[in-house]
Each structure stands twice: as C-alpha cells, then as structure tokens.
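Q: Encoded as structure tokens, here's the structure I'll be asking about.
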Amino acid sequence: MPTAPPARSPAAWQGPLRAAIAVFVVGFFVVWLVKPIGNPCPDLGSLPQGSSASSSPSLSPPGSRTCTYTASAGIEATSKYMPWLDWIVLLLVAAAVAGVVRAISPAGRGAREPRAERAPRGEPEPRGEREPRAERPPRPSRQPRASSTPEPSPDPGAAERDAAARERARQERAARRSR
C-alpha cells in the first residue's frame, strides 16, 4: 500500500498548488474576458452628468481592459485600466483554495499507515529478591585545595609591571570599543 508523503515534503503541496493555479487561471480569464469584480471603468465618476462607459478586454498588456467613455455631447474617449484589486482578490481566493485542499487531503493531514496493534498490558511480573549491594570502600580523605591567590613574587618590581600590563590591556580594549 503506498504511503502518503510527509507533510513537509514538496509532494504534499502538489495537489493544493494545482488547485490554486486552476482557480487563478479560470478566475483570470473570467475577470479579464467576461467582467471584472469591481468597477470596470473607474473614471466615469469624473465625467459630466449623462456620460456612459463600456469596458472590453485588451490584449496589450494582457489582463488589462479598455474603457470607452462617451460624453453627453457625443465625444468618445478611451483609456486602459488594469484591475489590480481584482487580481489581488483572485490571488487571495486561490491561496484560500490551496489551504482548504491541503487541509482536507490525506498528505496535508499527515496521513500515515495505521499502527500495529499492541498486545494489552498485563500485570507486571513479580520481581525476585535482589542480592544486597556490595559495600563501597570508604572515600579517601580530601586534602584542602591550594589557595587560588598567587604567592608573592620574590621580585619586588613584579607588582608594578603587572599593574602596568593590566592598564595597557584596559586602554587597548577601550580604544577598540571606541572605533
């Protein structure tokens, strides 16, 4: 019996992507060739009273529409209109379809082969008596640790040299930080 691919694999997204692409392509042609979702000619409101507008698909660029405005005096004007809002809405609908398909598909739910049945648990077997543990040998007594403070150096000028070296190191660190 073939198993479903793991949910994180690209194969688990093949069905949802195909569904989303199909919805987007069909929606693209419906919005472009039949009728846009929103106002097909948004500039109609800026024309004088009694003007009319009609919309038709345009091939340059694909997905755009040509709006033909007719003023009350009989003057015609055309303009191109790209329905961006329609494409965004269509993209969101296609993504939602992909999510739904993924949620209801066996690969999206992470379907896997059924587990083998386990035998029911019975009473635990009684344990026998344990042998007593062997005694551990006593620990050796611990010596106190050596002091962490250094012993004074026999050289009387060593303290000044150490202080000077610490000061130089501190100044170098401060100079590196300020860069």
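Q: What's the total number of residues in region 19-60 that are outside any helix (DSSP H, G or I) and among the aliphatic types (A, V, I, L, M)?
A: Residues meeting the conditions: 4.
Q: Please indicate, with yes or no, whether at least one residue in region 95-105 is modelled with pLDDT under 70 and surrounded by 10 or more Cβ atoms within 10 Å (Cβ to Cβ).
A: Scanning region 95-105 turns up no residue that is modelled with pLDDT under 70 and surrounded by 10 or more Cβ atoms within 10 Å (Cβ to Cβ).
Q: Would you check which residues across region 66-86 are loosely packed, with under 13 Cβ neighbours inside 10 Å and not in a strand (DSSP E or B) and list them?
A: Listed by number, the residues that qualify are SER72, ALA73, GLY74, ILE75, MET82, TRP84.
The values are calculated or read from the model by the stated rules, or taken from the named source; none is laboratory data. Please read all numbers here as calculations on a predicted model, not as lab measurements. As a convention, Cβ positions derive from the backbone with ideal geometry for all residues, glycine included, and neighbour counts pool all protein chains shown.
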